[in-house]
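To start, the structure itself, in structure tokens.
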Amino acid sequence: NMNHNLTPLISVQELIVLKQTTPIILIDASAGADSKEKYNQQHLKGALYVDLNTDLTDIKEDASKGGRHPLPSTIEFGKLLAKLGITVSSHVIIYDDKNSSNAAARFWWMLKSIGHKKVQVLNGGYQAALKVGFEMSSKPEAPLIAEAYPITTWKLPMADMNEVDDVRLNKEYLIIDARDKIRYDGIKEPIDLIAGHIPGAINIPFSTNLDADGFYLTPDVLKEKYLNALENKDKEHVIVHCGSGVTACHTLLAMAYAGLEIPKLYVGSWSEWSRNAKPIGKNL
């Protein structure tokens, strides 16, 4: 059975062929204030909408405890999957309108983390599908209601704020900040309260996983890029974060696509760290 070796990414062309022969569950995970509106106007035919803030996150009142996009409980996530008609054997394809580099990657990570086998992200996302004339729709889509999805725990490795603080200056560990360089450098901070980065973290912006057209670089190129950065560190010694644990998943997806093991995700990310650490100006 080849399904166990599904590549994390699928091209629009492959999706068009797959749809003709295989029942799939297509998910639009576009995030942003007007995403649901845009989805209602036009989405890939058959796609169900998933909301980053209400479906893929359990937003708490205090972002200093867990950041802006903490994970929901596994029970709530199981209910969401049932509502979307996703069962253990479903083949799930996810896209968003940021070349699949935003909440699509987050939903992919969450499904991988509960042990879901058949899940892929659409390479290039909504834009790529639009470009090749993929069939679109503005009609509401009805999911097949499924049984509750049995989930025990998140299985992929994660780090919390204390672990990050303990290991960030340890040369045997590597902390990768996947935000744009301008945010890492503390020049501009559009979202969080304080600008800068976690002392000891290196910056590999998630956008550098993509080419000029918004497609992922080839597995070989990505593998070389990350192996150079990792310098043979064990996946348990590598922690990836971003602003709030969303685009960091894009880097984890890129690493998985490159055939590397998925390292630790620090979900709280800068949004949590910056609300707890004592600010030390620009030279954090």
Go through 165-173, 238-246, 68-76 and give me the packing order, highest mean Cβ count within 10 Å leading. 238-246, 68-76, 165-173
Packing-based ranking, highest mean first, of 205-214, 256-265 given that Cβ atoms within 10 Å are counted: 256-265, 205-214
Cα-based reach from Lys131 at 17 Å (exclusive), listing aspartates and glutamates while leaving out same-chain residues under 8 positions away: Glu14, Asp28, Asp96, Asp97, Asp211, Asp213
To the nearest 10 square angstrom, what accessible area does Lys98 show with a 1.4 Å probe? 100
With +1 on each Lys and Arg Cβ and -1 on each Asp and Glu Cβ, how big is the dipole of the chain about its Cα centre, in debye rounded to the nearest 20? 140
Looking only at aspartates and glutamates whose Cα falls under 19 Å of Lys188's and that sit 8 or more positions away or on another chain, we get Asp177, Asp180, Glu272
If amide H atoms are built 1.01 Å from N in the plane of the peptide, which residues on other chains or at least 5 residues away come under 5 Å of the amide H of Val240? Ile176, Lys264, Leu265, Tyr266
Positive-end residue, the chain charge dipole about Cα centroid, Cβ charges, pick of Ile262, Leu230, Pro150: Pro150
So for the chain, Kirkwood radius off the Cα pairs, Stokes-Einstein at 25 °C and 0.890 mPa s: how many µm² s⁻¹? 128
Calculate how large, on average over all directions, the projected area of the Cα convex hull of the stretch 106-170 is; give the answer in nm² to one decimal. 8.2
Of the DSSP beta bridges with both residues in the chain, give the percent that are antiparallel, rounding to the nearest 5. 10
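My understanding is that a pair violates if its Cα-Cα distance is over 25 Å; which of Lys98/Lys235; Lys181/Lys264; Lys60/Lys171; Lys36/Lys181 do that in this structure?
With Cα atoms farther than 25 Å apart: Lys98/Lys235; Lys60/Lys171; Lys36/Lys181.
The values are calculated or read from the model by the stated rules, or taken from the named source; none is laboratory data. Note that the structure is predicted; figures quoted are calculated from it, not measured. So basically every Cβ, Gly included, is an ideal-geometry build from the backbone, and we count neighbours across all protein chains shown. When the accessible area is computed, the model is the full protein with side chains, heavy atoms only, and any ligands, DNA or RNA have been set aside. Shrake-Rupley method; radii C 1.70, N 1.55, O 1.52, S 1.80 Å.
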